[in-house]
Amino acid sequence: MAKAEKRIMAWSKCVVEIGNTGDGDTMAATLTSLGTIKEKASSLEASEGDALEAKASGGETVAKEVLEGTFKFSTRVIEPTAELETLLGISEAGTDGDVNIKTHVIEGDYSLKVTPKNVGAKGIKAPKCAITYKPGWSEEEGNYADIDFEILKGDCGYWYSRFTKTASA
C-alpha cells in the first residue's frame, strides 16, 4: 500500500506583504507588511471567465469557448497604519500628527506575497495586482480596511507563482 503524502496546511497567521511592481511587471524588489490581519478574513478565490457560444438554428450549441476568469486575494487589515496608507498613496501627513486622506483610489500596480506560517506550506507571489481599498469602522472591530488584490497578467511571462515556505535561517 502506498504511503500517504504528508499535507502541510497554509492556514492561520499568514504574512501579507506588498510593494510597487517592478520594471517589466516583475515582482517588487522591496515588500512591506500590510500589518495585522483579522482572523479568518483572508481568501484567495478564482472566478469563472465569460463563455462564448455559437448556436445554430434550433438552439444547438455548435461551438463554445470559456475565457479565463479572474484571481483575487481579499483581506481585512485591523487598524491600518499611516505608513500603509502612505505606501498606497492615499494619505499624507497633516498638522498636529493628523493624517490627511486624499483618496481611496489606489493608483498603479502592486506586487503581493502571501507567506504561510507553516514551513513546507504553499504561498503565493503575484507580481502585478490592482488594489481596491475600502476603509471602515465599527464598535466591534474599530478601524479596519478591506483590501482586494485582483491579480493581473503582466509582461513578466507568468500570472502568479506558488512557492513552498522554507525554514528561516
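The values are calculated or read from the model by the stated rules, or taken from the named source; none is laboratory data. On a predicted model such as this, the values are computed, not experimentally measured, just so you know. Methodologically, a virtual Cβ is constructed for each residue, glycine included, from the backbone with ideal geometry; neighbour enumeration extends over all protein chains shown. Note: areas computed on protein heavy atoms with side chains; ligands, DNA, RNA excluded. Shrake-Rupley method; radii C 1.70, N 1.55, O 1.52, S 1.80 Å.
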Study note, to complete from the structure: Subtracting the Cα-Cα distance of TRP159 and GLU83 from 0.36 nm times their residue separation yields 24.6 nm
Check your understanding: Is there a pair in LYS6/LYS113; LYS13/LYS153; LYS64/LYS117; LYS72/LYS117 whose C-alpha atoms are over 32 Å apart, and which pairs would that be?
Key -> LYS64/LYS117
Exercise for review: Would you work out the charge dipole size for the chain about its Cα centre, treating the Cβ of every Lys and Arg as +1 and the Cβ of every Asp and Glu as -1, and quote it to the nearest 20 debye?
Suggested key: 1180
Review point. For THR166 and GLU5 in the same chain, what is the full-extension length gain: residue separation times 0.36 nm, less their Cα-Cα distance, in nm?
Key: 56.2 nm
Point to revise | Volume in Å³ per residue [convex hull over Cα atoms, computed for the stretch 48-96] | key: 139
Practice item. Using only protein heavy atoms and a 1.4 Å probe, report how much of LEU87 is accessible, in Å² to the nearest 10. Key: 50
Check your understanding: Once you charge only the Cβ atoms, +1 for Lys and Arg and -1 for Asp and Glu, what is the size of the charge dipole of the stretch 53-102 about its Cα centre, to the nearest 20 debye?
Key -> 340
Exercise for review: At 1.4 Å probe size, with every protein chain present, just tell me what the per residue accessible area of the stretch 1-107 comes to in Å².
Suggested key: 73
Review point. Which of VAL105, TYR144, ALA93 sits farthest toward the positive end of the charge dipole of the chain, with +1 on the Cβ of Lys and Arg and -1 on the Cβ of Asp and Glu?
Key: TYR144
**Study point:** Sulfur and carbon atoms: percent of accessible area, the chain [1.4 Å]
**Key:** 48
Exercise for review: Compare the Cα positions of ALA41, ALA28, TRP11 along the charge dipole of the stretch 6-153 (+1 at Cβ of Lys, Arg; -1 at Cβ of Asp, Glu; about the Cα centre) and return the one farthest towards the positive end.
Suggested key: TRP11
Check your understanding: What translational D, rounded to a whole number of µm²/s, comes out for the chain from Stokes-Einstein when the hydrodynamic radius is the Kirkwood one over Cα pairs, at 4 °C and 1.567 mPa s?
Key -> 71
Practice item. Obtain the nm distance between the two label points defined at SER47 and HIS104 by a simple spin-label model: each point lies 7 Å from its Cα along the Cα-to-C-beta direction. Key: 1.8
